[in-house]
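J.: One structure, pasted below without further comment.
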Amino acid sequence: MLLRLEQVGRQVRQPATGEVHWLLKDLSFGLAAGECLSIVGPSGAGKTTLLRLLVRLEEPTQGQIFLEETPLSAWPIQSLRQRLTLVFQEGRLFAGSVRENLAYGLQLRGWPQAKLELQLSESAVQAGLPPEWLDRPVEQLSGGQRQQVALARALCVEPALLLLDEPTANLDSQKAAQLIEMLAQLSQQRSMAVILTTHQRQWVSQLGGRALLLQAGQLTWQGAAEALPDER
Amino acid sequence: MEAINPSWTDLSRSLGLIGVVLGLSVWQRLGVTQDLLVATLRTVVQLLLVGLILKSVFELESAWAELGILLLMGSIAALEAANRLGVPLLQSLPTLAGAIFLASGLTLVYVMQVIIHPPIWYDPHYVIPVAGMVLGNAMNAAALSAERLYATLQTLRPEIEARLVLGASPSQVCAPHVRTALRAGLIPTINSMMVVGVVSLPGAMTGQILAGADPTVAAKYQIVVMLMLAFTNAVTALLVTSMLSRRCFTPAWQLRLPGEP
């Protein structure tokens, strides 16, 4: 198993009222290397929290998460974030050119310039970015284009597990379909596992693999993507 | 020239000035009459008290008593700086106190031992007023740079997290923001160095001239004061931003600002 969750939960305390409530509770599932998984649920179901736990921006209150059978907390944090990365819903691009955004993760890893250039052009192509975009300032890009840059930026660092938070939310349905198609292909070519969250069920079977349903922080269904039940 | 020692009668006449302000406040219904009264009272009481305390410390001629006063002044400066931040006191006070004491201590030792070298090395006539200026500046620099750093990290949280998940370490993420906070902390110092003596005479220089000193001597002291305060500000801001920015991240490279669970 690439990833395994055991009874994972995350509890928060409302600072104003002191009330505690569970954002996620008793979550258990696994993911094999190269596999795709869609996490489906309405907003507020805990999808983003789950991704934040996986990339260790937050800690679970209960249970444990294993990556390659080692608890996340036992991974040196730098190695962990070299194995998996997260594409945020809003893209969260850095001010500067597309090229600077793509190069960032590689520069952190100390890649030599020539190799870095090659890698970022390749990732740009895979994420569907035309080469002439590379020198554009990100401020000139549309919402959908920014999403593509964020994806390319994540692909550059060659994660074994790519996490995407609502990648289709800001795209029209044609663009969204292209993106899902691209992710399914990338996953196969790179044998990269993909977890994405969505509240739009139509993309789940297109991505393939497996799916799970989250409702109010709890797992209500899991199975093959094609078998995802219709919305009740 | 001998310094003129204002008599108590002279001093009470200065109340006439504030009386005019009080009258203005009542006449124009400014709503600050009570505050003005309290502030006037505090000014009189606090300064007379400080004068008395300093006088007795000077007469004691004890390095220990002086050290006690310095520690008290430094602690008050640290508390005041931490209080201004509006974050849980325990999360910022140790860092701010450390930065204020270290930066001020370095400044004080250098100024006393390398520049002024008074005949008695701990002579409180020199040490205490210089320490007052240094600590006051360190306090402002610490509060301003900490405030600025917290505000920046808070505003840029989305971007910082995006960098973290790509594998950046907290120090890599923070380096530009530490620089920004430092630069912002230095700008007021630079500005005041630009206009010093042109628009108004600085307090220390004014005091010396009033006390009968040769204006050129007063100017030399003021140069030392300006340069030493620039040093204190820069070192305090550097220590505060670099230490606090580290404390804003967990060992797992998660951004946790003060007060967050």
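The values are calculated or read from the model by the stated rules, or taken from the named source; none is laboratory data. Computed from a prediction, not measured in an experiment: that's the story for all the values here. We place every Cβ from the backbone using ideal geometry, glycine too, and count neighbours over all the protein chains shown.
J.: What are the residues in segment B:149-160 that are touching a Leu at 6+ places or on another chain (Cβ under 9 Å) and either crowded, with 21+ Cβ neighbours inside 10 Å or under 23 Å from B:Thr236 (Cβ atoms) (or both), if any?
T.: Correct list: B:Leu149, B:Tyr150, B:Leu153, B:Gln154, B:Ile160.
J.: A further question on this structure: Testing A:Trp22 on (1) at pLDDT 95 or above; (2) closer than 30 Å to A:Ala225 by Cβ; (3) aromatic (Phe, Trp, Tyr), one condition comes back false. Which one is that?
T.: A:Trp22 satisfies all of (1) at pLDDT 95 or above; (2) closer than 30 Å to A:Ala225 by Cβ; (3) aromatic (Phe, Trp, Tyr) except (1).
J.: Just a yes or no: is a residue in segment A:10-26 touching a helix residue (DSSP H, G or I) at 6+ places or on another chain (Cβ under 6 Å) and of a type in the set (A, V, I, L, M)?
T.: The answer is yes; a qualifying residue exists.
J.: Can you pull out the residues in segment B:170-191 that are over 27 Å from A:Leu57 (Cα atoms) and surrounded by fewer than 12 Cβ atoms within 10 Å (Cβ to Cβ)?
T.: Listed by number, the residues that qualify are B:Ile187, B:Ile190, B:Asn191.
J.: For segment B:57-113, which residues satisfy the criterion of being aromatic (Phe, Trp, Tyr) and either within 19 Å of the chain's Cα centre (by Cα) or modelled with pLDDT of 95 or more (or both)?
T.: Hits for segment B:57-113 are B:Phe101, B:Tyr110.
J.: Please state which of the following conditions B:Thr236 fails to meet, knowing it meets all the rest: (1) within 27 Å of B:Leu89 (Cα to Cα); (2) surrounded by fewer than 17 Cβ atoms within 10 Å (Cβ to Cβ).
T.: (2)
J.: Another question about this same structure. Hey, can you tell me all the residues within segment A:35-63 that are farther than 28 Å from A:Ala184 by Cβ and touching a Leu at 6+ places or on another chain (Cβ under 8 Å)?
T.: Across segment A:35-63, the qualifying residues are A:Glu59, A:Pro60, A:Gly63.
J.: Among the small types (Gly, Ala, Ser), crowded, with 17+ Cβ neighbours inside 10 Å and within 14 Å of another protein chain (Cβ to nearest Cβ), is that true of B:Gly167?
T.: Spelling it out, B:Gly167 is indeed among the small types (Gly, Ala, Ser), crowded, with 17+ Cβ neighbours inside 10 Å and within 14 Å of another protein chain (Cβ to nearest Cβ).
J.: Got at least one residue in segment B:22-43 being within 28 Å of B:Asp123 (Cβ to Cβ), surrounded by fewer than 13 Cβ atoms within 10 Å (Cβ to Cβ), modelled with pLDDT of 90 or more and not charged (D, E, K, R)?
T.: Checked segment B:22-43: at least one residue is within 28 Å of B:Asp123 (Cβ to Cβ), surrounded by fewer than 13 Cβ atoms within 10 Å (Cβ to Cβ), modelled with pLDDT of 90 or more and not charged (D, E, K, R).
J.: Name the pairs whose Cβ atoms lie under 6 Å apart, with the first residue in segment B:41-66 and within 21 Å of B:Ile120 (Cβ to Cβ), the second outside any helix (DSSP H, G or I), and 6 or more positions between them or separate chains?
T.: As it stands, the answer is B:Ala63/B:Tyr122; B:Glu66/B:Tyr122, since those pairs meet every condition given.
J.: Out of the residues in segment B:136-161 that are of a type in the set (A, V, I, L, M) and in contact with a strand residue (DSSP E or B) (Cβ under 8 Å, 6 or more places away or on another chain), state the one that is farthest from the other protein chains (Cβ to nearest Cβ).
T.: So, considering only residues that are of a type in the set (A, V, I, L, M) and in contact with a strand residue (DSSP E or B) (Cβ under 8 Å, 6 or more places away or on another chain), the one farthest from the other protein chains (Cβ to nearest Cβ) is B:Leu153.
J.: Same structure, new question: With the condition kept exactly as written, say whether any residue in segment A:135-147 is in contact with a Leu (Cβ under 9 Å, 6 or more places away or on another chain), away from chain B (no Cβ under 14 Å) and closer than 18 Å to A:Ile195 by Cβ.
T.: Within segment A:135-147, not a single residue is in contact with a Leu (Cβ under 9 Å, 6 or more places away or on another chain), away from chain B (no Cβ under 14 Å) and closer than 18 Å to A:Ile195 by Cβ.
J.: Here are some residues: B:Met205, B:Met194. Which one is surrounded by 14 or more Cβ atoms within 10 Å (Cβ to Cβ), over 30 Å from A:Leu57 (Cβ atoms), more than 14 Å from chain A (Cβ to nearest Cβ) and of a type outside the set (Phe, Trp, Tyr)?
T.: That would be B:Met205, the only listed residue that is surrounded by 14 or more Cβ atoms within 10 Å (Cβ to Cβ), over 30 Å from A:Leu57 (Cβ atoms), more than 14 Å from chain A (Cβ to nearest Cβ) and of a type outside the set (Phe, Trp, Tyr).
J.: Please list, ordered by residue number, the helices (runs of 4 or more DSSP H) wholly in segment A:1-117 having 1 or more residues that are under 26 Å from B:His177 (Cβ atoms), touching a residue at least 60 places away in the same chain (Cβ under 8 Å) and within 14 Å of chain B (Cβ to nearest Cβ).
T.: Answer list for segment A:1-117: A:47-54, A:77-83.
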